[in-house]
Structures are given as C-alpha cells and as structure tokens.
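A.B. asks: So that we are looking at the same thing, I have put the structure below in structure tokens.
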Amino acid sequence: MPTLAICPGSFDPITYGHLDIIERGAKIFDHVVVAVFNNRSKSPLFSVEERMELLKEVTKDFDNVSIDESSGLLMDYAQDKGANVILRGLRAVSDFEYEMQITAMNRTLNEDIETFFVMTNNQYSFLSSSMVKEVAKYGGSIQDLVPPVVDQALQEKFS
C-alpha cells in the first residue's frame, strides 16, 4: 500500500529545518503533502497563499512532494486526502511533550493514521520560524537559515 504522508505546519516562513524534514520524508514515503495550516493562535507575517508559493518554489525539485492548505482539523484533512501518516519534525527534547499531546489527541480522533517523528538535523535544532522573523526584522543575516527565495521575501516584508 503506497504511503501518503501529510507534513503539517504554519511554515511562516519555511526554514532549512522544515525543508530538512520534508526532504527526508520524501525519501521515506511515496508521497508527501506539505499542508499549510492557518494557526489562529499565531499572527502570520505571510498569507497562506504566499507561504504556499514559497513552499512550491523550494520543493519544486521533489517529484513526490505537493503543497496544499487547510484550516480545519489535521486528522479530518488527512482522512479526506487518504493519508496514512502524519510527518512531524522534532528539534529538541522541549518539542517532545507538546508533540506527544498533539499525537495523543490525533490518535483519539483517528487511530488509523500514524504519526512519524523525524529528528531535525543538529545544525537546525535551534531554528524556528519565529526566530528567523525576529532576526530578519532587525536586518540580521538569515542566509544560512532559509532558502534564498525566503530570505528575499523576508527582506521585502521588512523593508
């Protein structure tokens, strides 16, 4: 049975840490859908459409990765897509408790969809979209943290 993995997130903006998880997931699963979710508890810098365009650009070389969006429950979205896996990244031990809570709730909603965790490459273990935005806002260099197209988009947002 082919595996369809959903890699959910807000991706505001996508970082090399996110891209690391997506690329490694694409090597493991038959198809990965990177799903941009609009997290109402966050105030995004980029619109959903802008985030999707950035994701399409940085994943264009992955034949088995597609980009989509959703604003509902992840497990409803995954079921509608016929997915059997949720792909999540872990940066550090501090992520584990939060991710464990989400996974437990997701299993309550749909026990047929498994969650797979991939540890982020050590060089990205400190990286978050929030930190990237903060550094970019004050003119710091983020070229080692995000793909060039994302760096450019952030420069435009903060100029």
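The values are calculated or read from the model by the stated rules, or taken from the named source; none is laboratory data. Bear in mind the structure is a predicted one, so any value in this text is a computation, not a measurement. Glycine also receives a Cβ, built like all others from the backbone with ideal geometry; neighbour counts cover every protein chain displayed. Calculation scope for accessible area: heavy atoms of the full protein, side chains included, ligands and nucleic acids excluded. Shrake-Rupley method; radii C 1.70, N 1.55, O 1.52, S 1.80 Å.
A.B. asks: What is the sum of charges, Lys and Arg at +1 and Asp and Glu at -1, for the other residues whose Cβ falls under 10 Å from the Cβ of residue 70?
C.D. replies: Values: positive: 81; negative: 68, 69, 76, 80.
Computed value for this residue: -3.
A.B. asks: Under 1.5 on a/c is rounded, so check that first for segment 1-83, then, if it is not, pick prolate when a/b is larger than b/c and oblate when it is not; a ≥ b ≥ c are the square roots of the alpha carbon gyration tensor eigenvalues.
C.D. replies: oblate
A.B. asks: How long are the semi-axes of the ellipsoid equivalent to segment 43-131, from square roots of 5 times the Cα gyration tensor eigenvalues, in whole Å, largest first?
C.D. replies: 22, 20, 14
A.B. asks: Follow-up. Which entry in (i) 16.0; (ii) 19.1; (iii) 17.1 is this structure's computed Kirkwood radius over Cα pairs in Å?
C.D. replies: (i)
A.B. asks: Ignoring any ligand, DNA or RNA, what whole percent of the accessible area of the chain comes from carbon and sulfur when the probe is 1.4 angstrom?
C.D. replies: Result for the chain: 50 percent of the exposed heavy-atom area is carbon or sulfur.
A.B. asks: With runs of 4+ DSSP H residues as the only contributors, calculate the mean residue ellipticity of the chain at 222 nm using -39,500 (n - 2.57) per run, divided by the residue total and rounded to the nearest 500.
C.D. replies: Value at 222 nm, helices only: -13500 deg cm²/dmol.
A.B. asks: Next question. Through the Karplus equation 6.51 cos²θ - 1.76 cosθ + 1.60, θ set to phi - 60°, convert the phi angles of segment 28-35 into ³J(HN,Hα) values in whole Hz; use x for Gly and Pro.
C.D. replies: Per residue, the Karplus-derived 3J(HN,Hα) values read 9, 9, 5, 8, 10, 9, 8, 9 Hz.
A.B. asks: Take residue 159 and residue 30, extend 7 Å from each Cα along the Cα→Cβ direction, and tell me the distance between the two endpoints in nm.
C.D. replies: 4.5
A.B. asks: Turning to a different aspect of this structure: Please list the non-local residues whose amide H lies under 5 Å from the amide H of residue 89, H modeled 1.01 Å from N, same-chain partners needing a gap of 5 or more.
C.D. replies: 118
A.B. asks: Measure of size requested: the Rg and Dmax of segment 11-54, with Cα atoms as the atom set and Å as the unit; please supply both.
C.D. replies: Rg, Dmax (Cα atoms, Å): 11.6, 33.
A.B. asks: Using every pair of alpha-carbon atoms in segment 86-159, split the distances into 10 Å bins beginning at 0 and state the percent of pairs per bin, rounded to integers.
C.D. replies: Calculated P(r), rounded to whole percents: 17, 36, 27, 18, 2.
A.B. asks: Turning to a different aspect of this structure: Where a ≥ b ≥ c are the square roots of the eigenvalues of the C-alpha gyration tensor, would you call segment 39-82 rounded, which needs a/c under 1.5, or, failing that, prolate if a/b is larger than b/c, or oblate?
C.D. replies: Oblate shape, in that a/c is at least 1.5 and b/c is the bigger or equal ratio.
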